[in-house]
Amino acid sequence: MTVAETLAELVSIDSVSSRSNIEIISYLATRCQAAGLALKRFHHIDDAGIEKTNLVALTGAEFSDKLAIELALVGHTDTVPYDPTWTEALQLTAKDGKFFGRGACDTKAFIAATMAAIESIDLSQLKEPLALVFTADEEIGCLGAKRLAEVRPFAAQYAIVGEPTSLQPMRAGKGYCLAEITVCGREAHSAYPGLGASAIFRAARLIERIERIAEELKSDQRAGFDPPYTSANVGIINGGSARNVVAGECHFTLEWRPIPGQRSDHVLNLVKQAVADLQQHDSDFVCEIDAARADESFETRADSALVQFLEQVSGNASGTVAFGTEAPSMIALGADAVVFGPGDIRVAHRTGEFVPADQLHECVNILRQAIERFCM
């Protein structure tokens with residue numbers, strides 16, 4: 001089966017994060033088993049009561065408590081939702097040297113290239129263990145990879161984490177953190193504002209402090225990132241019940257993306273201090289902060305054998321990413337991790353998502369060479 005045919009079959013499986021990924025995992029398990037790999041599934045039930053599965057396919061070793069992998073190829077099986085008016089979202093379409101479809105770029109192209117690479121190699125010739133790792137729920141918090149890091153099914157020396165990087169090896173990445181913040185007030189008729197306390201006004205004061213924090217964060221910079229500092233954003237805000245009622249509650253969402261070397265809770269602690277300062281001037285200021293997500297940043301040494309290999313075979317200098325990935329989970333398992341794959345993250349998640357055909361085919365060649373370099 002060609003890599004394009006494999007990609008077409010993967011795209012045809014609806015694996016949006018809100019659904020179970022059992023179907024796509026079953027497909028990949030069948031392909032891996034036919035190639036002679038040993039399989040181990042890691043099942044769990046998500047918060048919505050839906051069954052999810054991580055799959056580890058192994059060759060060159062047996063599953064054990066002290067399993068050591070030389071190279072792991074990691075791809076997430078879930079996708080973001082798609083607009084129902086995109087009628088060809090689940091049908092791979094070729095046009096102008098590109099393959100279109102939901103997940104074609106992020107990140108089923110990498111998975112297809114992985115399958116094509118291992119099926120082109122005589123796996124009996126491998127001298128070091130190789131693992132294919134297919135995860136659930138990357139798009140909603142890298143949850144599947146985090147679960148694997150918790151149960152530690154193996155230790156790894158190197159890991160290539162599939163993401164659309166236009167075949168540029170990415171050896172460092174920002175973290176991703178999220179907090180849901182609720183500011184409380186006291187409702188009253190808006191004709192008599194003294195009888196109440198506006199949660200929206202209070203939230204506005206806190207957001208103004210967060211904007212100052214965002215400016216202060218720019219003083220701590222890491223070369224190679226765009227932007228080179230920890231960014232912060234208030235992306236959603238809502239509050240109040242009617243135009244003539246003093247708002248009793250205001251809720252907003254704060255996200256920040258910490259640079260390597262900065263603690264994931266650094267911004268959170270600054271926000272908590274801002275709340276404490278505001279309470280000095282308003283003793284009734286009540287604010288609840290739910291730190292919903294804290295993904296660490298990552299950085300792999302520039303002189304890592306994997307970084308240098310991928311730079312050489314791709315012809316691209318290593319770089320950095322500003323979006324969350326599963327690399328920190330692989331690092332937690334001991335690996336030098338590099339984010340790498342075909343496609344451009346800037347066209348992921350949108351209607352008309354695509355992967356260039358030439359990058360897809362070249363990714364097969366590079367992954368094949370990676371297996372030969374580290375496992376043969």
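The values are calculated or read from the model by the stated rules, or taken from the named source; none is laboratory data. Since the model is a prediction, treat every value here as computed from it, not as a measurement. Positions of Cβ are generated from backbone atoms using ideal geometry, with glycine treated the same way; all protein chains shown enter the neighbour counts. When the accessible area is computed, the model is the full protein with side chains, heavy atoms only, and any ligands, DNA or RNA have been set aside. Shrake-Rupley method; radii C 1.70, N 1.55, O 1.52, S 1.80 Å.
With a Förster radius of 45 Å applied to the beta-carbon distance between Glu88 and Leu195, the computed FRET efficiency rounds to 0.20. Shape class of segment 3-79 from the Cα gyration tensor (axes a ≥ b ≥ c, square roots of the eigenvalues): oblate, since a/c reaches 1.5 or more and a/b does not exceed b/c. Computed 3J(HN,Hα) for segment 214-228, one whole-Hz value per residue from the Karplus formula 6.51 cos²θ - 1.76 cosθ + 1.60 where θ = phi - 60°, is 4, 5, 5, 5, 5, 6, 9, 10, 10, 4, x, 9, 10, x, x, glycine and proline marked x. Fraction of C-alpha pairs exceeding 13 angstrom in segment 131-183: 73 percent, rounded to a whole number.
Once the mean of 1/r is taken over each pair of separate Cα atoms and inverted, segment 66-195 shows a Kirkwood hydrodynamic radius of 18.5 Å. Applied to segment 329-337, the Karplus parametrisation 6.51 cos²θ - 1.76 cosθ + 1.60 on θ = phi - 60° returns per-residue 3J(HN,Hα) values of 5, 5, 5, 4, 8, x, 8, 6, 10 Hz, with x for Gly and Pro. Net length available on complete extension from Arg41 to Arg152 is 38.6 nm, with 0.36 nm assigned per residue and the Cα-Cα distance removed. Along its three principal directions, the equivalent ellipsoid of segment 121-261 from the Cα gyration tensor extends over semi-axes of 47, 19, 11 Å, largest first. Relative to its residue count, segment 87-159 spans a Cα convex hull of 129 Å³ per residue.
Excluding ligands, DNA and RNA, the accessible surface per residue across segment 137-242 is 47 Å² with a 1.4 Å probe.
A convex hull fitted to the Cα coordinates of the chain yields 150 cubic angstrom per residue.
Modelled this way, with points 7 Å down the Cα-to-C-beta line, the labels at Thr2 and Ser26 are 2.8 nm from one another. Protection proxy ranking for 191-199, 251-259, using the average of other Cβ atoms within 10 Å per residue and placing the highest first: 251-259, 191-199.
Taking the centroid of alpha carbons for each part, segment 172-187 and segment 285-357 are 23 Å apart. Once the Cβ-Cβ distance between Ala305 and Ser124 is put in as r, and R0 is 22 Å, what FRET efficiency do you end up with, to the nearest 0.05? It comes out at approximately 0.35.
Of the solvent-accessible surface of the chain, computed with a 1.4 Å probe over protein heavy atoms with every protein chain present, carbon and sulfur atoms account for 47 percent.
Take the cross-link list Lys66/Lys146; Lys40/Lys98; Lys40/Lys174 and give me the ones stretching past 23 Å between alpha-carbons. Distance filter (> 23 Å) returns Lys40/Lys98; Lys40/Lys174. Computed over the chain, the per-residue total of -39500 (n - 2.57) for DSSP H runs of n ≥ 4 gives a 222 nm mean residue ellipticity of -9500 deg cm²/dmol, rounded to 500. At 10 °C and 1.306 mPa s, what whole-number value in µm²/s does Stokes-Einstein give for the translational diffusion of segment 184-325, with Rh from the Kirkwood sum over Cα pairs? In µm²/s, the coefficient is 89.
Restriction of the chymotrypsin sites (Phe, Trp or Tyr not before Pro) in segment 314-376 to DSSP coil positions whose beta-carbon has at most 16 other beta-carbons within 10 angstrom yields Phe323. Close amide H contacts of Thr79 (hydrogens built in the peptide plane, cut-off under 5 Å, sequence separation of 5 or more or a different chain): Ser15, Val16, Ser17. Paramagnetic label reach from Val80 (point 7 Å along Cα→Cβ; backbone nitrogen cut-off under 19 Å): within segment 170-191, residues 174-179.
Antiparallel beta bridges, as assigned by DSSP with both residues in the chain, represent about 70 percent of the total such bridges.
Computed from backbone phi with θ = phi - 60° and the Karplus coefficients 6.51, -1.76 and 1.60, the 3J(HN,Hα) list for segment 124-141 is 5, 8, 5, 9, 10, x, 10, 10, 9, 10, 10, 10, 9, 6, 5, 5, 10, x Hz; x is used for glycine and proline.
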